[in-house]
Amino acid sequence: MSSISERMKLVILEKQFSIKQASEETDIPYRSLQNYLNGQLPGPDALVKFREAFDVDLNWLLTGEGEIHRQSTKANSQIDSKLQKQIVIQLKKSMPQLFKHIETHSALKIFSLIYNTVCHLDDTDMRHVVITQSVGLYLAGLQDDWTETALEAASKATTTDEQEGLKEFAESMQRGKDKILKKHGVNLPSTESGDTHVTQNIGGSNHEIAGRDINKGK
């Protein structure tokens, strides 16, 4: 399989599900899932939902390597302190301003998404790769959000200078997204239009880490 979207299609086909059934099973909005199957990159939140619904190995889903389904399931009763440290190191490296203080709400939300994406993986070099890719997907999602905001503002701008400035900013965000994905080892799937986007689900409200609420310490 050449892309994440093709591997997702394979899993849904294996289950003999329609897109609507897969959407209901994963709790991923129908239109979002349809976009992923057409080549749009899913973010960590959507990947976690897809993994949990279909018991898919995340390493295989992201890279095409290894087995389709997870070979074993780790206990969810406690946080893996070593994994926690690995994720924080990568986040501080990729997002130094935000992760200067890991206890902030935004930092905790992003951390929980990444943790849930990789917590089932064994402590191997591949886990480091998936952590890096997941962080890259999140950052690319932020770039897409800023791009959409800038383009929307440009459509409402009252002067030519404002419009051009906002459009230039949007183009800069898209160029930045490509650099981020490349830096974090994420391969972009090709589409007919040549355009790619990262999931808008990426900023979801998932605060659970291995069955525990990191904001309440339970």
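Values in this text are rule-based calculations from the coordinates and carry no lab data. This one's a predicted model, so the numbers in the text were calculated from it and none came from an experiment. Methodologically, a virtual Cβ is constructed for each residue, glycine included, from the backbone with ideal geometry; neighbour enumeration extends over all protein chains shown.
Neighbour counts of other Cβ atoms within 10 Å put T149, T160, T117 in the fewest-to-most order T160, T149, T117. For K15, the aspartates and glutamates whose Cα comes closer than 15 Å to its Cα, not counting residues fewer than 8 places off in the same chain, are E6, E24, E25, E52, D55.
Kindly list the residues of region 136-150 that lie in the label zone of S3, defined by a backbone N under 20 Å from the point 7 Å along the Cα-to-C-beta vector. In region 136-150, the label zone of S3 (backbone N under 20 Å from the point 7 Å along Cα→Cβ) covers 136-145.
Pairs from the list K85/K183; K9/K82; K20/K93; K85/K179; K49/K182 with a Cα-Cα gap above 28 Å: K9/K82; K20/K93. A simple count of charges around E25, restricted to other residues whose Cβ falls under 13 Å of its Cβ and scoring Lys, Arg +1 and Asp, Glu -1, yields -1.
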